[in-house]
Amino acid sequence: MSKFDLKRADYRPETLAIRAGQERSQFGEHAEALYLTSSFVFKSAGQAAKRFSGEEEGNVYARFSNPTVTMFEERLAALEGAEDCVATASGMSAIMAVVLAHLKNGDHIVASNGLFGATVQLFSNILARTGITTSFVPQTDPAAWAAAIRPETKLFFLETPSNPLTEIADISALTAIAHAKGILVAVDNCFCTPILQRPLELGADLVVHSATKFLDGQGRVLGGAVCGPKKLTEEVFKYLRTAGPTLSAFNAWVLLKGLETLKLRVEAQSANAAQLAAWLEAHPKVARVFYPGLPSHPQYELAQRQQKSGGAIVAFEVKGDREQAWQVVDNCQLLSITANLGDTKTTITHPASTTHGRITPEARAAAGISEGLLRIAVGLEAVVDLQADLERGLALI
Ligand SMILES: *Cc1c(COP(=O)(O)O)cnc(C)c1O
């Protein structure tokens, strides 16, 4: 840990986002250095032996650690208020690492049924083959989580707000249920980032990130991270150094610079989203808006308590079906038609035919993903320009 890190309680998030974790080399570079090296040399055979055994701290091989990656890890740990952070190659590898570091054949997970699509596939197909099973329960119903617990349950896994319907899971309530039975709680904090929500302060044991989204914020690289107390992240690190899905130094460097503007971006994108959501809610061609910052959201009170604002993701149903929804998408000249989110560029997606296209129509209907539903991940463009872009398609309905 750097000397700065030890005093991070003295600093605000925007300061930590810019200053935490930086270690300067002998050259005194102002910006964070990018160490593109896969391995590290030792002064002697004796030092090599000590580094390999762990008797002496230091870098050995980039699958284990790299100084640029370490800087990113310390900066994100500071923002999440975590003792430690371990970076991974992607958000999915962070989730995989949490599960394989802490669970084994025969263990059981309780997870929300509104998880990111690849996480659902990972739990229900790939991990199921290793004998780790998952029960999916409604995001918003703590009693259902309690009822799904079995003697072999080891992990609660949740993501809040959910994608695309922005349902809120009550992190404190679910943590209390889990901890009463000695169950770990991991929260995917991708949508809010530590700027809007700090799950560890609400009792969660681990936070996972897809750094690909808001932490980069400019759609450039893949990355992920696991944050939490060292006694839990150490097991994640052991898995990663052996299994290999570590973050590349280059991506860590891009992400370090991304973190510097995280607070400005997330707050501005969230303010834009709030404006857009209110405009959509009043629009005659829109049937319903899903946004945690609107008083019409079923869990508005909980969202107010748990998050600093509504976030940058807005979902809405047009009055109509797939045809009308696609019409809105196809008439966008500014909004990017892509499922990515967290970017400075606003994106639009039709969940029923993309992110949720592989599940059965019945399962989709049960999850509330209608054919008229669209999801927007709001960026930093002027709200009036975004409105004009959406209006072109909405006017045709
Ligand atoms: C994108 C995403 C992931 C997966 O992250 P990758 O970096 O694409 O592997 C996990 N969870 C959520 C909520 C996401 O949006």
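The values are calculated or read from the model by the stated rules, or taken from the named source; none is laboratory data. For clarity, every value in this text was computed on a predicted model and none was experimentally measured. All Cβ positions, even for glycine, are placed from backbone atoms using ideal geometry, and neighbour counts span all protein chains on display.
With the requirement that a residue be in contact with an Asp or Glu (Cβ under 8 Å, 6 or more places away or on another chain) and within 16 Å of the ligand (Cβ to nearest atom), what does region 94-120 give you? Can you show your working first?
Filtering region 94-120 down to residues in contact with an Asp or Glu (Cβ under 8 Å, 6 or more places away or on another chain) leaves 95, 101-102, 106-108, 112, 114-116, 119.
Those that are in contact with an Asp or Glu (Cβ under 8 Å, 6 or more places away or on another chain) and within 16 Å of the ligand (Cβ to nearest atom): ILE95, SER112, GLY114, LEU115, PHE116, THR119.
So for region 37-49 (the condition being buried (at least 23 other Cβ atoms within 10 Å of the Cβ) and of a type in the set (A, V, I, L, M, F, W, C)), does at least one residue qualify?
First pass over region 37-49, keeping only residues buried (at least 23 other Cβ atoms within 10 Å of the Cβ): none.
The answer is no, given that none of the residues of region 37-49 is buried (at least 23 other Cβ atoms within 10 Å of the Cβ) and of a type in the set (A, V, I, L, M, F, W, C).
Evaluate the following for GLY217: is it within 16 Å of the ligand (Cβ to nearest atom), more than 23 Å from ALA339 (Cα to Cα), assigned by TED's automatic domain parsing to the domain that holds LEU115 and not polar (S, T, N, Q)? Step through it out loud before you land on a result.
Values: within 16 Å of the ligand (Cβ to nearest atom): yes; more than 23 Å from ALA339 (Cα to Cα): no; assigned by TED's automatic domain parsing to the domain that holds LEU115: yes; not polar (S, T, N, Q): yes.
Considered against the rule, which asks whether it is within 16 Å of the ligand (Cβ to nearest atom), more than 23 Å from ALA339 (Cα to Cα), assigned by TED's automatic domain parsing to the domain that holds LEU115 and not polar (S, T, N, Q), GLY217 comes out as no.
Among the residues of region 271-279, is there at least one that is part of a helix (DSSP H, G or I), more than 20 Å from SER65 (Cβ to Cβ), within 16 Å of the ligand (Cβ to nearest atom) and not basic (Lys, Arg)?
At the first step, the residues of region 271-279 found to be part of a helix (DSSP H, G or I) are 271-279.
Narrowing the set further to residues that are more than 20 Å from SER65 (Cβ to Cβ) leaves 271-279.
Among the residues that remain, those that are also within 16 Å of the ligand (Cβ to nearest atom) are: 273.
The next check asks that each one be not basic (Lys, Arg); those that pass are 273.
There is at least one residue in region 271-279 that is part of a helix (DSSP H, G or I), more than 20 Å from SER65 (Cβ to Cβ), within 16 Å of the ligand (Cβ to nearest atom) and not basic (Lys, Arg).
Look at ALA82 and say whether it is of a type outside the set (S, T, N, Q) and within 15 Å of the ligand (Cβ to nearest atom).
On the way: of a type outside the set (S, T, N, Q): yes; within 15 Å of the ligand (Cβ to nearest atom): no.
So ALA82 fails the test.
So, ARG150, is that one away from the ligand (no atom under 16 Å from the Cβ), closer than 20 Å to PRO245 by Cβ, of a type outside the set (Asp, Glu) and surrounded by fewer than 17 Cβ atoms within 10 Å (Cβ to Cβ) or not?
Details: away from the ligand (no atom under 16 Å from the Cβ): yes; closer than 20 Å to PRO245 by Cβ: no; of a type outside the set (Asp, Glu): yes; surrounded by fewer than 17 Cβ atoms within 10 Å (Cβ to Cβ): yes.
For ARG150, the condition - away from the ligand (no atom under 16 Å from the Cβ), closer than 20 Å to PRO245 by Cβ, of a type outside the set (Asp, Glu) and surrounded by fewer than 17 Cβ atoms within 10 Å (Cβ to Cβ) - is not met.
Name the residue that is surrounded by the fewest Cβ atoms within 10 Å (Cβ to Cβ), counting only residues in region 83-100 that are over 21 Å from ILE132 (Cα atoms) and hydroxyl-bearing (Ser, Thr, Tyr). Walk me through how you get there before you give the answer.
Our first condition is that a residue be over 21 Å from ILE132 (Cα atoms); within region 83-100, this holds for 83-90.
Imposing the further condition that a residue be hydroxyl-bearing (Ser, Thr, Tyr) reduces the set to 88, 90.
Details: THR88: 28, SER90: 19.
Of everything passing the filter in region 83-100, SER90 is surrounded by the fewest Cβ atoms within 10 Å (Cβ to Cβ).
Is there a residue being within 16 Å of the ligand (Cβ to nearest atom) and either without any contact (Cβ under 8 Å) to a residue 60 or more places away in the chain or not assigned by TED's automatic domain parsing to the domain that holds ASP84 (or both) anywhere in region 221-237?
Taking region 221-237 as the starting set, the residues that turn out to be within 16 Å of the ligand (Cβ to nearest atom) are 221-227, 236.
Remaining after also requiring either without any contact (Cβ under 8 Å) to a residue 60 or more places away in the chain or not assigned by TED's automatic domain parsing to the domain that holds ASP84 (or both): 221.
Yes, region 221-237 contains a residue that is within 16 Å of the ligand (Cβ to nearest atom) and either without any contact (Cβ under 8 Å) to a residue 60 or more places away in the chain or not assigned by TED's automatic domain parsing to the domain that holds ASP84 (or both).
If you scan region 207-241, which residues turn out to be among the hydrophobic types (A, V, I, L, M, F, W, C), part of a loop (DSSP other than H, G, I, E, B) and within 16 Å of VAL69 (Cα to Cα)?
Step one: filter region 207-241 for residues among the hydrophobic types (A, V, I, L, M, F, W, C), giving 207-208, 211, 214-215, 221-222, 225-227, 232, 236-237, 240.
Narrowing further to those that are part of a loop (DSSP other than H, G, I, E, B): 211, 214-215, 221-222.
ALA211, LEU215, VAL221, LEU222 - these are the residues of region 207-241 that are among the hydrophobic types (A, V, I, L, M, F, W, C), part of a loop (DSSP other than H, G, I, E, B) and within 16 Å of VAL69 (Cα to Cα).
Would you pick out the residues in region 197-214 that are near the ligand (Cβ under 10 Å from one of its atoms) and of a type outside the set (Val, Ile, Thr)? Lay out the reasoning, then the answer.
Within region 197-214, the subset near the ligand (Cβ under 10 Å from one of its atoms) is 208-214.
Passing the criteria: HIS209, SER210, ALA211, LYS213, PHE214.
What is the number of the single condition among (1) touching a Ser or Thr at 6+ places or on another chain (Cβ under 9 Å); (2) β-branched (Val, Ile, Thr); (3) touching a residue at least 60 places away in the same chain (Cβ under 8 Å) that VAL60 does not meet?
Only one criterion is unmet by VAL60, namely (3).
With GLY357, GLY293 as the choices, which residue is at negative phi, touching a Ser or Thr at 6+ places or on another chain (Cβ under 9 Å) and of a type outside the set (Val, Ile, Thr)? So that I can check it myself, show each step before the final result.
Values: GLY357 fails: touching a Ser or Thr at 6+ places or on another chain (Cβ under 9 Å).
The match here is GLY293.
Return yes when PRO194 is under 24 Å from THR70 (Cβ atoms), more than 14 Å from the ligand (Cβ to nearest atom), touching a Pro at 6+ places or on another chain (Cβ under 8 Å) and in contact (Cβ under 8 Å) with a residue 60 or more places away in the chain and no when it is not.
Details: under 24 Å from THR70 (Cβ atoms): yes; more than 14 Å from the ligand (Cβ to nearest atom): yes; touching a Pro at 6+ places or on another chain (Cβ under 8 Å): yes; in contact (Cβ under 8 Å) with a residue 60 or more places away in the chain: yes.
The answer is yes for PRO194.
Would you mind stating whether ARG75 is away from the ligand (no atom under 15 Å from the Cβ), over 30 Å from HIS356 (Cα atoms), buried (at least 23 other Cβ atoms within 10 Å of the Cβ) and not aliphatic (A, V, I, L, M)? Walk me through it before giving the result.
On the way: away from the ligand (no atom under 15 Å from the Cβ): yes; over 30 Å from HIS356 (Cα atoms): yes; buried (at least 23 other Cβ atoms within 10 Å of the Cβ): yes; not aliphatic (A, V, I, L, M): yes.
In short, yes.
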